[in-house]
Amino acid sequence: MKTTLLYGKTGLTIEVPDDSVIVEPKHLPGLADEEKAVREALQHPIGTPPLREMVKETDKVAIVISDITRPTPNHKLVPWLIKELPHVPLENFVIINGTGTHRDQTREEFVQMLGEWVVDHIRIINNHCHEKETLAKVGRSRFGCDVYLNKEYVEADFRIVTGFIEPHFFAGFSGGPKGIMPGIAGIETIMTFHNARMIGDPQATWGNMVNNPVQDMTREVNQMCKPHFMLNVTLNREKEITQAFAGELFAAHDAGCAFAKEHAMIRCDHRFDVVITSNSGYPLDQNLYQAVKGMSAAHKIVKQGGTIICAAECSDGLPNHGNYAKILQMRRTPHEILEMINDHTFQMFDQWQVQKQAVIQVWADVYVYSSLSEEEVTKAMFKPTNNIEHTLEQLREQYGEGMTVAVLPLGPLTIPYVEE
């Protein structure tokens with residue numbers, strides 16, 4: 001049978017065995033009138049007064065957005081937020097791009113993310129986690145580091161965070177407080193947030209918010225300089241808005257997480273020999289670093305010694321910024337990589353993604369279908385494939401005629417699990 005994976009901007013249709021199990025959430029239609037639904041959420045928020053009543057016309061308003069690697073529809077959300085605050089002069093707004101440790105966005109990318117009107121009329125800055133003069137210390141975390149956040153955010157009179165909510169491979173769920181921590185944090189704070197102990201904790205996993213040290217730290221940091229208001233949405237496979245959650249940071253985020261968990265987390269009866277996954281298409285699949293999320297979703301239901309096939313376009317390469325590619329070259333095998341990262345003397349930003357990748361590779365073989373060269377894929381310790389159907393035929397020789405196959409067409413927009 002044929003199935004279409006979210007891949008790049010166009011999708012990838014592949015043929016899989018007829019007895020394959022397709023794992024995806026029940027389709028939720030996009031809201032009939034997205035703007036009306038979002039503005040109603042702003043006017044009737046969870047746990048706060050209506051947004052318009054909270055902001056004075058003299059306030060300097062900071063709006064934090066997620067960067068270009070996330071599909072948050074900020075080209076819709078930000079104009080609607082500004083429209084909801086007509087009494088605030090445009091020069092009083094600043095949009096802060098929550099890059100975390102990622103690269104700056106260009107003007108063209110901001111136009112893509114926010115629309116030309118916003119780029120032409122509102123001041124926009126990228127967060128620079130390495131530039132201490134652009135950061136402000138707001139406290140000390142019980143997890144063992146000083147907490148630095150973007151100075152313009154800290155000094156704003158009114159702080160708004162936007163985002164989108166989906167299960168996250170070590171924070172439990174994305175969105176909410178993660179827009180601030182790590183989105184606009186300093187590198188020292190981000191390194192603690194992503195250290196080997198935090199990432200390796202068994203509670204730091206998809207869909208779990210209880211005793212999850214990563215979620216606990218992001219919430220602790222947010223309490224030190226809390227957004228006054230949150231606007232988050234959930235999305236379907238067409239990236240349409242399915243629900244809006246607005247108001248007090250934690251109450252509104254909890255409501256969004258409950259909604260996402262109900263629709264995105266799917267129970268499977270058993271593990272599979274082979275799991276085919278995407279990385280949710282563009283923009284999440286624009287590099288191999290991000291594609292680890294799709295592999296991590298597949299890891300939840302693949303047998304030990306099984307195989308994951310991940311289709312991620314990687315139009316932005318590995319990427320060539322950050323330390324992901326560099327760390328992968330420091331050792332020869334995933335086992336050696338884990339040993340190196342788990343040594344408390346090792347610290348390098350981006351190690352968290354390599355750590356998650358190595359854990360998956362120790363458990364199962366991973367093939368990558370992408371626009372990368374075979375050499376690039378092999379250097380990253382993966383197996384390249386340019387024909388998923390052909391790879392499935394080869395795997396049948398390995399696993400036998402009874403080979404079991406699962407497919408995650410939406411990648412990490414669906415989180416399968418097996419109760420073991």
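Filtering the range 115-172 to residues that are within 24 Å of the chain's Cα centre (by Cα) and polar (S, T, N, Q) leaves N126, N127, S141, N150, T162.
Closer than 21 Å to G411 by Cβ, among the charged types (D, E, K, R) and at pLDDT below 95: is that true of E313 in this structure? Walk me through it before giving the result.
Values: closer than 21 Å to G411 by Cβ: yes; among the charged types (D, E, K, R): yes; at pLDDT below 95: no.
Spelling it out, it is not the case that E313 is closer than 21 Å to G411 by Cβ, among the charged types (D, E, K, R) and at pLDDT below 95.
Among the residues of the range 247-260, is any assigned to a strand (DSSP E or B) and surrounded by 18 or more Cβ atoms within 10 Å (Cβ to Cβ)? Within the range 247-260, one or more residues are assigned to a strand (DSSP E or B) and surrounded by 18 or more Cβ atoms within 10 Å (Cβ to Cβ).
Annotation note: of K60, K36, the sole residue that is touching a helix residue (DSSP H, G or I) at 6+ places or on another chain (Cβ under 9 Å), modelled with pLDDT of 95 or more and basic (K, R) is K60. Within the range 70-79, the residues that satisfy the criterion of being surrounded by fewer than 21 Cβ atoms within 10 Å (Cβ to Cβ) and either over 21 Å from Q243 (Cα atoms) or modelled with pLDDT of 95 or more (or both) are P73, H75, K76, P79.
Just give me the residues in the range 153-183 being of a type in the set (V, I, T) and part of a helix (DSSP H, G or I), in sequence order.
Taking the range 153-183 first, the residues of a type in the set (V, I, T) are 154, 160-162, 165, 180.
Once the filter is applied, which keeps residues that are of a type in the set (V, I, T) and part of a helix (DSSP H, G or I), the range 153-183 yields only V154.
The lone criterion from (1) buried (at least 17 other Cβ atoms within 10 Å of the Cβ); (2) touching a helix residue (DSSP H, G or I) at 6+ places or on another chain (Cβ under 7 Å) left unmet by G115 is number (1).
Residue check: F143 meets all listed conditions (1) of a type in the set (A, V, I, L, M, F, W, C); (2) farther than 20 Å from I124 by Cα; (3) open to solvent by less than 10 Å² (accessible area, probe 1.4 Å); (4) at pLDDT 95 or above but one, namely (3). With the condition kept exactly as written, say whether any residue in the range 162-181 is open to solvent by 40 Å² or more (accessible area, probe 1.4 Å) and at pLDDT 95 or above. Among the residues of the range 162-181, not one is open to solvent by 40 Å² or more (accessible area, probe 1.4 Å) and at pLDDT 95 or above, which makes the answer no.
Within the range 171-198, residues that are farther than 18 Å from R140 by Cβ reach partners that are basic (K, R) and open to solvent by 10 Å² or more (accessible area, probe 1.4 Å) with beta carbons closer than 8 Å, at six or more positions or on different chains, in the pairs A171/K178; F173/K261; S174/R70.
Restrict the check to the range 81-103 and report whether at least one residue is open to solvent by 50 Å² or more (accessible area, probe 1.4 Å), at pLDDT below 95 and within 18 Å of the chain's Cα centre (by Cα). Taking every residue of the range 81-103 in turn, at least one turns out to be open to solvent by 50 Å² or more (accessible area, probe 1.4 Å), at pLDDT below 95 and within 18 Å of the chain's Cα centre (by Cα). Being of a type in the set (V, I, T) and within 27 Å of T192 (Cβ to Cβ) holds for only one residue in I308, I360, and it is I360. Among the candidates M230, M191, M217, the residue that is open to solvent by less than 10 Å² (accessible area, probe 1.4 Å) and either in contact with a Phe, Trp or Tyr (Cβ under 7 Å, 6 or more places away or on another chain) or closer than 18 Å to T69 by Cβ (or both) is uniquely M217. Within the range 308-320, residues that are under 17 Å from T277 (Cα atoms) sit with their Cβ atoms under 6 Å from residues that are surrounded by 23 or more Cβ atoms within 10 Å (Cβ to Cβ) and acidic (D, E), at 6+ positions apart or across chains, in these pairs: A312/D285; E313/D285. The set of residues in the range 261-279 that are assigned to a loop (DSSP other than H, G, I, E, B) and out of contact with any Ser or Thr (no Cβ under 9 Å at 6 or more places or on another chain) comprises D269, N279.
The set of residues in the range 8-28 that are of a type outside the set (S, T, N, Q), farther than 30 Å from G400 by Cβ and open to solvent by 90 Å² or more (accessible area, probe 1.4 Å) comprises K9, K26, H27.
Entry remark, the range 331-379: residues being open to solvent by less than 60 Å² (accessible area, probe 1.4 Å) and under 26 Å from H130 (Cα atoms) number 15 in total. Applying the condition of being open to solvent by less than 40 Å² (accessible area, probe 1.4 Å) and in a helix (DSSP H, G or I) to the range 194-214 and asking which residue is nearest to N342 (Cα to Cα) yields A196. Taking the listed residues P213, P167, the one that is out of contact with any Asp or Glu (no Cβ under 7 Å at 6 or more places or on another chain) and in contact (Cβ under 8 Å) with a residue 24 or more places away in the chain is P167, with no other qualifying.
The values are calculated or read from the model by the stated rules, or taken from the named source; none is laboratory data. Nothing here was measured: the structure is a model prediction, and the numbers come from that model. Don't worry about glycine lacking a Cβ; one is built from the backbone with ideal geometry, like all the others, and counts go over all protein chains shown. Protein only, heavy atoms only, side chains kept; ligands, DNA and RNA dropped before computing areas. Shrake-Rupley method; radii C 1.70, N 1.55, O 1.52, S 1.80 Å.
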